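Peer 1: Sharing a structure with you now.
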Amino acid sequence: MTENVSLIARQLTHLQRMREYLAHSIGRCTAILPVTDWKSLSLEDHEVLAAFRVRFSEFQEHLGKTMKAVAREEEVDVDRFGSVLAFMEKVGVLESAEQWKIIREIRNAISHEYEEDSARLTEFFTEMLKATPELFGSHQRLLAFCQKFYDIKPE
């Protein structure tokens, strides 16, 4: 097993744990969303939403890093992430490279959103909830690809 394949295996194991945490956060978020008055939320509610935001962002980011490591192993030009996305779409890990970019934009927007506009914040969180199954599907397809071609099974 090459050093890069060992790295991929470790990343997949880490992603599996991150996925469990994100799934847990989704369950807690759905009890809170949609929010009509953000000022009426309890500190615990804010903590639940913050945990979901961070877990969503980190899962998407680490999934991208793992896809990049796989692309590197497959000798794809990884200097431009668009090449990685195109390769992942070609091999069936991503349903759409464009959809990945939209999810990344949602992640970036919520990570840099400081306004108090309830409607806008609710929209961001709702979009993240809708995007999570897509991330989970990409994760599952990446796992299947790595099992088939590298005989990797996450711990």
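Any read-out appearing in this document is the output of simple, stated calculations on the displayed coordinates, not a laboratory observation. Computed from a predicted model, the values in this text were never measured in an experiment. Note that each Cβ is placed from the backbone with ideal geometry, even for glycine, and that neighbours are counted across all protein chains shown.
Peer 1: Rank these for me by crowding, Asp45, Asp79, going from fewest to most other beta carbons within 10 Å.
Peer 2: If I rank by nearby Cβ atoms, fewest first, I get Asp79, Asp45.
Peer 1: What 222 nm value per residue comes from the helices of the chain, counting each DSSP H run with n ≥ 4 as -39,500 (n - 2.57) and dividing by all residues, nearest 500 deg cm²/dmol?
Peer 2: Value at 222 nm, helices only, nearest 500: -26500 deg cm²/dmol.
Peer 1: May I pose another question? Do the alpha carbons of any pairs in Lys130/Lys153; Lys68/Lys101; Lys68/Lys153 sit beyond 20 Å of each other, and which pairs?
Peer 2: Details: Lys130/Lys153 28 Å; Lys68/Lys101 15 Å; Lys68/Lys153 18 Å.
Going by Cα-Cα distance, Lys130/Lys153 fall outside the 20 Å limit.
Peer 1: I've got another one for you. If you rank Arg19, Arg72 by fewest surrounding Cβ atoms within 10 Å, what's the result?
Peer 2: Lowest count first: Arg72, Arg19.
Peer 1: For the stretch 3-150, with the dipole built from +1 on Lys and Arg beta-carbon atoms and -1 on Asp and Glu ones, taken about the Cα centre, which of Pro34, Asn4, Ala109 lies farthest toward the positive end?
Peer 2: Comparing the listed Cα positions along the dipole, Asn4 ranks first.
Peer 1: Putting +1 on Lys and Arg Cβ atoms and -1 on Asp and Glu Cβ atoms, find which of Thr13, Ser57, Leu94 reaches farthest to the positive end of the dipole of the chain.
Peer 2: With unit charges placed on the Cβ atoms, the residue in question is Thr13.
Peer 1: Here's another thing I want to ask about it. Quick one: Trp38, Trp100, fewest Cβ neighbours within 10 Å first, how do they rank?
Peer 2: Ordered from fewest to most neighbouring Cβ atoms within 10 Å, Trp38, Trp100 come out as Trp38, Trp100.
Peer 1: Something else now. Sequence-distant or interchain residues sharing an amide H contact under 5 Å with Glu95, placed H: which?
Peer 2: none
Peer 1: Using only alpha carbon pairs under 8 Å that are at least six residues apart, calculate the relative contact order of the stretch 6-97 and give it in whole percent. Walk me through the numbers on the way to the answer.
Peer 2: On the way: 55 pairs, mean separation 24.5, N = 92.
So the answer I get is 27 percent.
Peer 1: Relative to the Cα centre, what is the charge dipole magnitude of the chain, using +1 at the beta carbon of each Lys and Arg, -1 at the beta carbon of each Asp and Glu, and rounding to the nearest 20 debye?
Peer 2: 420 debye
Peer 1: Right, here's the next one. Determine Rg/Rh for the chain; Rg is computed over alpha-carbon atoms and Rh is the Kirkwood hydrodynamic estimate from the same atoms. Please list the in-between numbers first.
Peer 2: On the way: Rg = 16.7 Å, Rh = 16.4 Å.
That ratio equals 1.02.
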